[in-house]
Amino acid sequence: MTSKSSSVTKSSSAGKARPVRLPAFVQAIDRWASLLDARLPQGIGVAGAALVLLASLAYGAVKGEHVATVIAAINDARDRAANAAGFRIVSIALAGHHHVSREEVLATAGVTGTTSLLFLDVDQARERLKTNPWIADATVLKLYPGELQIGIKEREPFALWQKDRQVSVIADDGTVLEPYVPPRLIQLPLVVGQGAEARAKEFLALLDRHPAMRDFVRATVLVGERRWNLRLKNGIDVQLPESGIAAALESLVTLDREKNLITRDIVAIDLRLPDRVTVRLSDAAAQARAEALKDKSKKKGGSA
């Protein structure tokens, strides 16, 4: 079969028409268009035009960064249709919330006044709820045609954590629950330092074995992310070892019980060495001790 080249005629200056050869890609389009026109059913052009229109709209949404708006509009229309069909959420049973309000739970789960039960994604709602630091876990259950049940398990406030002059409320796993301290939580134990939020649970459990000493502690300070110091309410610093913390706390409690150590005029107690306890006197106490030793020395010299 011999193919014929597509061409058009063009008038010359002499008035005679002469053929003009079209570019190759135009000829290819022309051939495909003729083929489709001959073989496709009638009306397919309308469908094709609709597809082109939808593609253009999609491209425009992406190009104009309106995807989120378009998706939100589609979801809203979908939910309204489902609600009209009888799948509106008419009741919500919520359990387990104490530190998080009902409004905050629903907003975090993505449940609004127009959300339909039919199209609510329970797995997505559960994951969204777990993004709230107060919520450790959650369950979301749909009961058709219109009831939603949400159960949450909250983290409990465990301690206050100070880092870089910022004090936050933390859970026992170190999760920051609030970046500030509500008045109702001001009495929680205070831990200080980089990494203290992750190690507070273990250390405070050791301190809880000695309630009297624990109640006399103002703050526990993690030094160099290696060991702990106790800052007592009377200003005394107690230096604890990196290992053998439990034994060091036992020694501190015993010394205080037998010698009233933590109520004396001292500024620091060093328990870092397992075989000795070092005590640093306050300036006033050190001067008084020096004068007492001097007087004692004079008396010994006089009696000689």
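The number of residues in segment 87-108 being closer than 20 Å to residue 182 by Cβ, open to solvent by 50 Å² or more (accessible area, probe 1.4 Å) and in contact (Cβ under 8 Å) with a residue 40 or more places away in the chain comes to 3. Test residue 197 against the criterion of being in contact with a Gly (Cβ under 6 Å, 6 or more places away or on another chain) and within 30 Å of residue 226 (Cα to Cα), and give yes or no. Yes; evaluated as a whole, the condition is true for this residue. Which of (1) in contact (Cβ under 8 Å) with a residue 12 or more places away in the chain; (2) on the phi < 0 side of the Ramachandran plot; (3) loosely packed, with under 15 Cβ neighbours inside 10 Å is the odd one out, the single condition residue 239 does not satisfy? Just one mismatch for residue 239, condition (3). Checked across segment 158-177, the condition of being touching a residue at least 40 places away in the same chain (Cβ under 8 Å) and within 30 Å of residue 113 (Cα to Cα) holds for at least one residue. Any chance segment 161-172 includes a residue that's closer than 24 Å to residue 207 by Cβ, at pLDDT 95 or above, open to solvent by less than 40 Å² (accessible area, probe 1.4 Å) and of a type in the set (Val, Ile, Thr)? Looking through segment 161-172, at least one residue is closer than 24 Å to residue 207 by Cβ, at pLDDT 95 or above, open to solvent by less than 40 Å² (accessible area, probe 1.4 Å) and of a type in the set (Val, Ile, Thr).
Every condition in (1) over 20 Å from residue 158 (Cα atoms); (2) exposed (fewer than 12 other Cβ atoms within 10 Å of the Cβ) holds for residue 269 except the one numbered (2). Please work out if residue 145 is part of a loop (DSSP other than H, G, I, E, B) and under 24 Å from residue 269 (Cβ atoms). When the stated conditions are applied, residue 145 does not pass them.
Considering only residues that are assigned to a strand (DSSP E or B) and either in contact (Cβ under 8 Å) with a residue 40 or more places away in the chain or within 27 Å of the chain's Cα centre (by Cα) (or both), which ones fall in segment 116-141? Steps first, please.
Let us first name the residues in segment 116-141 that are assigned to a strand (DSSP E or B), namely 116, 135-141.
135, 136, 137, 138, 139, 140, 141 - these are the residues of segment 116-141 that are assigned to a strand (DSSP E or B) and either in contact (Cβ under 8 Å) with a residue 40 or more places away in the chain or within 27 Å of the chain's Cα centre (by Cα) (or both).
Checking the structure you have, find out if any residue of segment 203-211 is in a strand (DSSP E or B), free of Cβ contacts under 8 Å to residues at least 60 places away in the same chain and surrounded by 15 or more Cβ atoms within 10 Å (Cβ to Cβ). No, segment 203-211 contains no residue that is in a strand (DSSP E or B), free of Cβ contacts under 8 Å to residues at least 60 places away in the same chain and surrounded by 15 or more Cβ atoms within 10 Å (Cβ to Cβ).
Looking across 304, 247, 288, one residue alone is of a type in the set (A, V, I, L, M), at pLDDT 90 or above and open to solvent by 50 Å² or more (accessible area, probe 1.4 Å). It is 247. Take the residues of segment 215-230 that are touching a residue at least 24 places away in the same chain (Cβ under 8 Å) and out of contact with any Gly (no Cβ under 8 Å at 6 or more places or on another chain): which is most open to solvent (accessible area, probe 1.4 Å)? The selected residue is 218.
The values are calculated or read from the model by the stated rules, or taken from the named source; none is laboratory data. Note that the coordinates shown come from a computational prediction; the quantities given were computed from them, not determined experimentally. Counting neighbours? That spans all protein chains shown, and the Cβs are built from the backbone with ideal geometry, glycine included. In case anyone asks, the SASA skips ligands and DNA or RNA and just uses the protein heavy atoms, side chains included. Shrake-Rupley method; radii C 1.70, N 1.55, O 1.52, S 1.80 Å.
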